[in-house]
Amino acid sequence: MGDTTLNFTLLHRICSVVVLLCVVHLSVTLFFYVRTLDLRISFLQNQETQIPTQIENSTVSSKYNISETTKNSAVSTRVILTPNATEKAARALDKCPDPSPLLVGPLRVEFSDPVTLDGVRSQNPHLQSGGRYKPKDCVALQKVALIIPFRHRDEHLKYWLYYLHPILQRQQLDYGVYVINQYGEETFNRAKLLNVGYVEALKEYDYDCFVFSDVDLIPMDDRNTYKCYSQPRHLSVSMDKFGFNLPYLQYFGGVSSLSKEQYLKINGFPNNYWGWGGEDDDIYNRLSFKGMSISRPDGTIGKCRMIRHQRDKKNEPNPQRFDRIAHTRETMNRDGINSLEYKVVNVEKDQLYTKIIVDVGKPSR
Ligand code: UDH
Ligand code: NGS
């Protein structure tokens, strides 16, 4: 009997030790399981940030979302990652092709059909406020500010907007239209208004190209792309009023384009040509003194029509223009973007344009 009791006590102790060992074993197992779970979760999070750069050597920094299935079972090894909407859009966009596949070539340009601004607005539903546009399916090759010197030419502006907006959109440009309206009735100053347009446009957006266009000139072929080139570009090379020819080889008036770099190299445009004539010749001189040449489209692609008009009041031929263009070399470094002074009187944002009314002062007597 005594032996039986002793055996039972021994067995009981052995069982207790075995149970204790089991508990220890289970605790240790559980501990390590939880540890590795942590590791697996951090592995998944790591994958989440790595995969975008592995998929396509992209610099886009927004993060991928783990899909619902993965979120709900963090230990799953099958990781399904989907890009968020912004990233999808950025990744999908390639550079726009050059030339644009949307171009149609020669255009019918007439000024007899009546045009209304409301009509132009509804024909251009993709414009953003301020006459801004960028293609939605590709990244435009250039960011172009179109700058129009302006005063009392509303009828011409309607036609310009009517014809140019669809052309610029087919050219797949990232662009904005700036109408620089001289305030008051002092003598007109085209080149100074163009300088103001350059400065004001850059305050809004990081434009890399500037197209300076008279309000009354319309291209007759959309292959004449309103962008910048390796040399300053003269775009209105074949005007109807000159029998579709250049009036002279150095002519740089009407419509031209300069990259930011080209514009800065010549210290912008002169500010002291009041009244008609000569400012475009001064710009030509600046370019050629800085070693640049003029690039031009061929005579067919460069055809354009001018809206016929009488000479404007307060834009009579400037009697000083011949003397001024004879001295461009001496004056260009002190008269230009580095000496520009003006006051903005009002800024109007329309769907079709940004109109900046500006006080550019008056000629010193
Ligand atoms: N501009 C205005 N308002 C003005 C003067 C000029 O908006 O009062 C702008 C407009 O963008 C114009 C540009 O400046 O297209 C060039 O001025 P301009 O049209 O006077 O120059 P252009 O050489 O004509 O085209 C000169 C007068 C021709 C008179 C012909 C009479 N038969
Ligand atoms: C030149 C003018 C330019 C002008 C061009 C065309 O004579 O400013 O005619 O004028 N230069 C001078 O007067 C020094 S246009 O026929 O378009 O009115 O752009």
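Collect residues whose amide H, placed 1.01 Å from N in the peptide plane, falls under 5 Å from the amide H of Phe244; neighbours closer than 5 in sequence don't count.
So Phe244 has HN proximity to Met239.
Assigning unit charges at the beta carbon (Lys, Arg +1; Asp, Glu -1) and nothing else, what dipole magnitude in debye, to the nearest 20, does region 203-251 show about its Cα centre?
Numbers: 5 positive and 8 negative charges, 37 e Å.
Using only the charged Cβ atoms, the result is roughly 180 debye.
Please report the Cα spread of region 154-272 along all three principal axes, rounded to whole Å, starting with the longest.
Computed over the Cα atoms, the extents are 33, 33, 31 Å.
Report the calculated FRET efficiency for Asp350 and Lys265 (r = Cβ-Cβ distance, R0 = 35 Å), to the nearest 0.05. Could you put the intermediate results ahead of the total?
Values: r = 33 Å, r/R0 = 0.94.
The value I calculate is 0.60.
For region 254-329, which trypsin sites (Lys or Arg not before Pro) are in a loop by DSSP, counting at most 10 other Cβ atoms within 10 Å?
Values: sites: Lys260, Lys265, Arg286, Lys290, Lys303, Arg305, Arg308, Arg311, Lys313, Lys314, Arg321, Arg324, Arg329; in loops: Lys290, Arg308, Arg311, Lys313, Lys314.
Answer by residue number: Arg308, Arg311.
With unit charges on the beta carbon (Lys/Arg positive, Asp/Glu negative), name the residue among Leu193, Gln171, Ala140 whose Cα is farthest towards the positive pole of the charge dipole of region 94-194.
Ala140
Of Lys265/Lys343; Lys136/Lys290; Lys241/Lys343; Lys143/Lys192; Lys136/Lys303; Lys95/Lys203, which sit over 27 Å apart, Cα to Cα? Spell out each step's value before the answer.
Details: Lys265/Lys343 25 Å; Lys136/Lys290 38 Å; Lys241/Lys343 35 Å; Lys143/Lys192 22 Å; Lys136/Lys303 29 Å; Lys95/Lys203 25 Å.
The pairs that break the limit, which is 27 Å between Cα atoms, are Lys136/Lys290; Lys241/Lys343; Lys136/Lys303.
Compare the Cα positions of Leu217, Val120, Ser100 along the charge dipole of region 80-227 (+1 at Cβ of Lys, Arg; -1 at Cβ of Asp, Glu; about the Cα centre) and return the one farthest towards the positive end.
Farthest along the dipole direction, towards plus: Ser100.
Give me log10 I(q)/I(0) at q = 0.13, 0.14, 0.23, 0.32 Å⁻¹ for region 127-181, Debye formula, one equal scatterer per alpha-carbon, no solvent.
-0.32, -0.37, -0.90, -1.38
From the convex hull of the Cα coordinates of region 99-218, what is the mean projected area in square nanometres?
On the way: hull surface 32.9 nm².
Taking the Cα atoms of region 99-218, their convex hull projects to 8.2 nm² on average.
For region 98-119, list residues with backbone N below 14 Å from a point placed 7 Å from the Cα of Glu155 toward its Cβ?
Label zone hits: 111-116.
Would you give the gap between the C-alpha center of region 291-321 and the C-alpha center of region 130-186, rounded to a whole Å?
18
What is the Cα coordinate range of region 210-365 on the first, second and third principal axes, sorted by size from largest, in whole angstrom?
Cα spread of region 210-365 along its principal axes, largest to smallest: 43, 39, 31 Å.
Could you calculate the contour length gain from Arg329 to Asp359, that is, 0.36 nm times the residue separation minus the distance between their Cα atoms, to one decimal place in nm?
Working: separation 30, 0.36 × 30 = 10.80 nm, distance 2.75 nm.
Residue separation times 0.36 nm, minus the Cα-Cα distance, leaves 8.0 nm.
Calculate, axis by axis, the spread of Cα positions in region 209-302 along the three principal axes, and write the results as whole Å, longest axis first.
Extents along the principal axes, in whole Å: 32, 30, 22.
What length, rounded to one decimal in nm, is gained on full extension from Glu186 through to Lys314, with 0.36 nm per residue of separation minus their alpha-carbon distance?
Numbers: separation 128, 0.36 × 128 = 46.08 nm, distance 0.66 nm.
Between Glu186 and Lys314, full extension yields 45.4 nm more.
Note down the magnitude of the dipole of region 172-211 about its Cα centre, charges +1 on Lys and Arg C-beta and -1 on Asp and Glu C-beta and zero elsewhere, to the nearest 20 debye.
On the way: 3 positive and 7 negative charges, 32 e Å.
In total the dipole reaches around 160 debye.
Counting other C-beta atoms within 10 Å, and keeping those with at most 13, which DSSP coil GluC sites (Glu not before Pro) do you find in region 272-365? Could you put the intermediate results ahead of the total?
Numbers: sites: Glu279, Glu330, Glu341, Glu348; in loops: Glu341.
Loop-located and lightly packed - Glu341.
Would you mind working out the magnitude of the charge dipole of region 191-290 relative to its Cα centre, with +1 at each Lys and Arg C-beta and -1 at each Asp and Glu C-beta, to the nearest 20 Debye?
Working: 10 positive and 14 negative charges, 63 e Å.
Here the size comes out at about 300 debye.
Amide H to amide H under 5 Å from Leu352: which residues, 5+ apart in sequence or cross-chain, H placed 1.01 Å off N in plane?
Gly130, Gly131
A short reminder: the numbers here are calculations on the coordinates, not readings from a lab. Computed from a prediction, not measured in an experiment: that's the story for all the values here. Note that each Cβ is placed from the backbone with ideal geometry, even for glycine, and that neighbours are counted across all protein chains shown.
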